[in-house]
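Encoded as structure tokens, the structure appears first; notes follow it.
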Amino acid sequence: MTNRTVIISVAAGVLVVGGALTAVALMNPPASTPVESLPSASAPVAEPSTPTAPSTPTAEPYDTAASLLFIIEEEKLAHDVYVTLESTWGANTFANISDSETTHQGLLVPLLDARGIADPRSSEVGVFVDPDLQSLYNDLIARGATSLADAMQVGILIEEKDIADLTVAMAAEDEADVISVYDRLLSGSENHLASFQRQA
């Protein structure tokens, strides 16, 4: 019985059977590796590199100051959107809830002052320091301008986002005064969400 040497190099994509060199295609090559980049039978076969463990993505560490800066502008976003949509559609829901958003911002100001954090809010409606909130504001105003029904859906989206952001912040926060205010804002957003859902 004749022994045959069979060597399979998966990394290189070549098959050696009984000393004969034959190119074979890899089964299901990774989508990120173009087939053209695989070595041919005539190309030198590189030694496979030692695989390294993928790096674990790390979340940004929670910071109370950064959270307060974001949350107060997020409350301003809700206020500014509702003021604008109220002027467009004349719906009392937007007028009532925009007043509440002003109150919410007022609850956050003492927290900023106590920590020596400058208030980031612009006095101009629809202007934000945070570029993501600026982009979101622009998008929501465009959506809400199409119909009153769409405007109510914008209110739902805003309050759902507020609830999600406040929930995450409260879970990471360890300063009692901040948690207390965030809890009040959360309750307010839940009430606002219910109001918009009744109008939708």
Selection status of residue 88, farther than 30 Å from residue 178 by Cα, surrounded by 11 or more Cβ atoms within 10 Å (Cβ to Cβ), assigned by TED's automatic domain parsing to the domain that holds residue 161 and modelled with pLDDT of 95 or more: yes
Residues of the range 162-181 classified as within 23 Å of residue 93 (Cα to Cα) and in contact with a helix residue (DSSP H, G or I) (Cβ under 6 Å, 6 or more places away or on another chain), total: 3
Count - residues of the range 181-200 that are surrounded by 21 or more Cβ atoms within 10 Å (Cβ to Cβ), more than 19 Å from residue 66 (Cβ to Cβ) and of a type outside the set (Gly, Ala, Ser): 2
Selected residue (only one of 67, 100 is crowded, with 17+ Cβ neighbours inside 10 Å, within 22 Å of residue 172 (Cα to Cα) and among the hydroxyl-bearing types (Ser, Thr, Tyr)): 67
Residue tally, condition surrounded by 13 or more Cβ atoms within 10 Å (Cβ to Cβ) and either acidic (Asp, Glu) or without any contact (Cβ under 8 Å) to a residue 12 or more places away in the chain (or both), over the range 144-176: 7
Residue match in the range 49-57 (condition: out of contact with any strand residue (DSSP E or B) (no Cβ under 8 Å at 6 or more places or on another chain) and crowded, with 18+ Cβ neighbours inside 10 Å): no
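Conditions (1) part of a helix (DSSP H, G or I); (2) among the hydrophobic types (A, V, I, L, M, F, W, C), marked per residue:
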position: 100; (1), (2): yes, no
position: 104; (1), (2): yes, no
position: 111; (1), (2): yes, yes
position: 118; (1), (2): no, yes
position: 125; (1), (2): no, yes
position: 128; (1), (2): no, yes
position: 135; (1), (2): yes, no
position: 139; (1), (2): yes, no
Test: residue in the range 165-180 that is farther than 15 Å from residue 67 by Cβ and in a helix (DSSP H, G or I): no
Qualifying residue in the range 178-196 (condition: over 25 Å from residue 107 (Cβ atoms) and either touching a Cys at 6+ places or on another chain (Cβ under 8 Å) or not hydroxyl-bearing (Ser, Thr, Tyr) (or both)): no
Test result for residue 159, within 30 Å of residue 90 (Cα to Cα) and of a type outside the set (Phe, Trp, Tyr): yes
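The values are calculated or read from the model by the stated rules, or taken from the named source; none is laboratory data. All figures in this text were calculated on a predicted structure; none of them were measured in a lab. A quick note on method: Cβ atoms are made from the backbone with ideal geometry, for glycine too, and the neighbour counts reach across all protein chains shown.
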